[in-house]
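Read the structure below first, then the notes.
Where a number appears in this text, it was derived from the coordinates with a stated rule and is not lab data. Since we're looking at a predicted model, the values are computed, not measured. Note that we place each Cβ from the backbone using ideal geometry, even for glycine, and neighbour counts take in every protein chain shown.
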Amino acid sequence: MNSPAEHWPFAVRPLTPKLGAEISGIDLARDLDPALFASLYQAFLRYQVLVFPPLDLPPASQVAFARRFGEVQVHVMNQYHADGFPELYRLSNLDEHGRPSGNHPDKGTLAWHTDGSWQRVTGQATIIYGEVMPASGGETHFCDMYGAYERLDASWKARIAGLRAVHSLDFSRNRRHGEDPLTEAQRLAKPPVDHPIVRTHPESRRKCLYLGDHAEYIFGMPYEAGRALIEELNALAVQPDLSYEHRWKTRELIVWDNRCVLHRATAYDAATQGRVIRRCTVLGEVPA
Ligand SMILES: [Fe+2]
């Protein structure tokens, strides 16, 4: 966790005191040798969010890079699969003529969340490439959930110790945001799952808050009381001094650790501006 920046075999520019670093001097379109990837993985653990300057990264190279982290998720919402790779998922507001359609492709991403918390084996890294970016808006914001847990006072920590939240894609995508086309078969394929509210990161061994927008209610608690607790904790968790707000340049790549970071996208004018990203999420582990 404390490797000094000067020991990295690439350039590292921290983006905030808490999380985020820009990494340069690596050609991600090439096959990275194991030692270089091991260092990059240590930087991923240390900084939680890595931003790579604009580069040409074909879909196959993005998938190959993602596979270095682990098994890449094939998302249940197969209407978003892209470029012949079921591991890739494209969110675009452009119509078939390449013009802004006015339709935001996934309004659920506007709420703070962590990818894949709605399944038993949750997301480890998410790897997003910005194909088209709007002139304003459409940012991605990140917040450090180690810090969010650490700053809770002792009574909060005692109150939530041992509690488990039930996460549901049907809740966050269909019932809460209302516009997303999760089919009945997709809904049945991904039933709600419960995870600890406070998880221990499997590699850093540090505790972090693990909630976000897919968390619906608290296991064993009356529904409305659990909803209120989740809303209160989600609001407490996100603080400006724990956050990094990224304004995208086209062709940047961003990698983050879903186990200890919440993220959201910000709104943009989907009727006049284009925004296209392709992403993949690497599967991690069952939270504990
Ligand atoms: Fe996400």
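With the Kirkwood sum run over all distinct C-alpha pairs, region 63-170 has a hydrodynamic radius of 17.0 Å. Each principal axis of the Cα cloud of the chain was evaluated for its coordinate range; sorted largest first, these ranges are 50, 47, 32 Å.
Reported value for region 118-161: 147 Å³ per residue, from the convex hull of its C-alpha atoms. A cut-off under 13 angstrom between Cβ atoms defines the neighbours of Cys208, and their net charge, with Lys, Arg +1 and Asp, Glu -1, is +4.
Cα extents for region 142-218 along the principal axes, largest to smallest and rounded to whole angstrom: 42, 26, 22. For region 133-139, the Karplus equation 6.51 cos²θ - 1.76 cosθ + 1.60, evaluated at θ = phi - 60°, returns couplings of 10, x, 5, 9, x, x, 6 Hz by residue, with Gly and Pro reported as x. Normalising the Debye intensity of region 1-121 to I(0), with uniform scatterers on Cα atoms only, and taking log10 at q = 0.11, 0.12, 0.16, 0.23 Å⁻¹ returns -0.50, -0.60, -1.02, -1.41. Taken over the C-alpha atoms, region 99-257 has Rg and Dmax values of 16.5, 52 angstrom.
Using θ = phi - 60° in the Karplus curve 6.51 cos²θ - 1.76 cosθ + 1.60, the 3J(HN,Hα) couplings for region 191-199 round to x, x, 9, 10, 9, x, 5, 10, 10 Hz; x is entered for Gly and Pro. Note on region 170-288: Cα Rg divided by 2.2 N^0.38 Å, N the number of residues, gives 1.21. Entry note, region 87-231: relative contact order of 27 percent, from Cα contacts under 8 Å with a spacing of 6+ residues. Here the residues Phe142, Phe85, ranked from fewest to most Cβ neighbours within 10 Å of their Cβ, fall in the order Phe85, Phe142. Exposure proxy shown here: for Ser155, Ser136, the number of other Cβ atoms within 10 Å sets the order, fewest to most, as Ser155, Ser136. For region 225-288, the fraction of C-alpha pairs farther apart than 19 angstrom is 54 percent. Each semi-axis of the equivalent ellipsoid for region 28-99 is √(5λ) with λ an eigenvalue of the Cα gyration tensor; in descending order they amount to 26, 15, 12 Å.
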